[in-house]
Amino acid sequence: MIKINSKLKKALIQIALVVVVLAGGVKLAKKLVTSKKPPARKEIKQLAPLLTASIVHAEDIQITIKGYGTVKPKAEVKVIPQVSGKVIACHPNFVNGGFFKAGQALITIESDDYRFAVEAAQAAVARDQVRLDTELAEAVVAKQEWADINPDKEPTSPLVLREPQIKDAKAQLQASNAKLATAELNLKRTVISMPFDGRIAEETGDIGQYLMAGQSVATVYSTESVEIVVPLEDHELQWFKVPMGYVSGKASKDDLTRAVVTADFAGKTHTWSAVIARTEGTIDPASRMVNVVAEVKDPFKISNGRPPLVPGMFVEVNIAGKVMKNTIRIPRHAVRNGNQVWTAVDDTLNIQQIQIARNDKEYAYVTSGLDDGAVIITSALDTATAGMKIRTQLAEETEKAHSND
């Protein structure tokens with residue numbers, strides 16, 4: 001009994017010690033918590049959004065109207081002989097792509113038959129001339145005989161003075177002269193040439209081939225000038241001088257609108273000077289586009305390594321338009337809602353209404369609503385309200401920072 005009480009007493013002492021330690025620990029922890037100072041509160045400063053901006057200025061801007069088209073010859077014809085015969089000679093360059101000069105013989109047809117026809121026609125003319133001379137001489141004799149037999153009396157019939165016979169002889173001579181002219185013309189037609197410097201686009205004839213009159217043997221085009229048909233929307237025509245009518249030789253070169261033709265060829269970009277020569281006679285019924293024709297003189301003239309402007313090349317045509325006075329040019333992506341821009345004034349965003357006279361692929365041309373030297377916002381912003389605080393960085397500075405990186 002005494003032994004059990006001793007054990008119980010020992011256990012109670014141990015429990016009391018644990019309770020005392022725990023109570024002391026709790027009291028100490030509570031003291032530490034209550035004595036700890038709360039962290040100081042720090043206000044976080046909200047920064048205004050950083051936007052890219054550009055300074056714009058009013059200036060006189062020449063409008064450029066851009067279009068595209070395919071080069072084609074101004075003059076392209078089929079070579080068709082007007083007489084039949086065997087080909088006995090061809091121009092050395094009578095091949096696809098060959099060049100020739102005006103008046104050079106492209107094809108020569110055997111001329112023996114036509115030369116014989118000329119000689120026969122010349123003989124017929126000589127024969128009819130003799131007959132006419134004979135009739136005129138006989139008329140003189142008949143008139144004298146009538147005067148001897150019937151003095152002071154006019155002939156009662158034209159037959160007396162052989163007038164019908166003379167008319168018949170003159171008609172026969174005239175017909176013979178016409179046949180001679182036809183024979184000489186056919187003889188000239190045995191040599192086929194063109195009235196212009198040109199190039200052969202296609203050929204189907206050669207030496208020894210028999211050609212029929214009216215049979216096409218080649219297609220050639222003039223190298224003096226080429227044309228580019230440029231389809232434009234009708235509202236573009238207000239920006240440059242358009243020759244709506246075309247009268248050859250009436251318009252001087254200074255009256256025509258200038259243009260620059262650009263093409264990529266053999267890995268390089270080349271340019272040619274052009275003029276807007278005319279518009280085509282009809283508006284495209286499907287696209288409602290107006291076809292403007294640009295003309296380039298001497299397209300095969302090579303200078304500074306520039307290749308010839310060959311028919312079939314796809315080119316860009318930049319037409320020099322009117323000059324817009326006191327106009328501000330801004331990037332198209334800076335236009336908001338069709339007729340608004342965001343401007344920065346004293347780190348504040350303003351929304352301004354503008355009037356746009358013209359848009360092209362890259363720019364909008366503003367004629368009112370913006371002041372010279374205004375700072376416009378060119379970057380995007382999810383939500384923009386007038387008067388909100390913003391920070392700006394000029395586009396030039398942004399580009400410089402990127403280049404340094």
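Points to keep in mind about this one:
- Residues of region 187-212 classified as on the phi > 0 side of the Ramachandran plot and in contact with a helix residue (DSSP H, G or I) (Cβ under 9 Å, 6 or more places away or on another chain), total: 0
- Residue pairs whose Cβ atoms lie under 6 Å apart, sitting 6 or more positions apart in sequence or on different chains, and linking a residue in region 235-263 that is assigned by TED's automatic domain parsing to the domain that holds residue 278 to a partner that is modelled with pLDDT under 75, do not occur here.
- Pair list, Cβ < 6 Å and 6+ apart or interchain, from region 158-185 residues that are more than 30 Å from residue 109 (Cβ to Cβ) to residues that are outside any helix (DSSP H, G or I): 161/155
- Residue list for region 280-295, restricted to those being modelled with pLDDT under 90, out of contact with any helix residue (DSSP H, G or I) (no Cβ under 8 Å at 6 or more places or on another chain) and either surrounded by 15 or more Cβ atoms within 10 Å (Cβ to Cβ) or not β-branched (Val, Ile, Thr) (or both): 280, 281, 284, 285, 286, 287
- When 117, 181, 169, 121 are checked against the criterion of being of a type in the set (Gly, Ala, Ser) and surrounded by fewer than 17 Cβ atoms within 10 Å (Cβ to Cβ), a single residue qualifies: 181.
- Count of region 41-75 residues which are exposed (fewer than 15 other Cβ atoms within 10 Å of the Cβ) and either within 15 Å of residue 198 (Cβ to Cβ) or polar (S, T, N, Q) (or both): 4
- Residue in region 151-166 that is at positive phi and out of contact with any helix residue (DSSP H, G or I) (no Cβ under 7 Å at 6 or more places or on another chain) present: yes
- Lone unmet requirement of (1) exposed (fewer than 13 other Cβ atoms within 10 Å of the Cβ); (2) more than 29 Å from residue 123 (Cα to Cα) for residue 164: (2)
- Scanning region 277-304 for residues that are without any contact (Cβ under 8 Å) to a residue 24 or more places away in the chain, within 30 Å of residue 99 (Cβ to Cβ) and not polar (S, T, N, Q) yields 301, 302.
The values are calculated or read from the model by the stated rules, or taken from the named source; none is laboratory data. Bear in mind the structure is a predicted one, so any value in this text is a computation, not a measurement. Cβ atoms come from the backbone with ideal geometry, glycine included; neighbour counts cover every protein chain shown.
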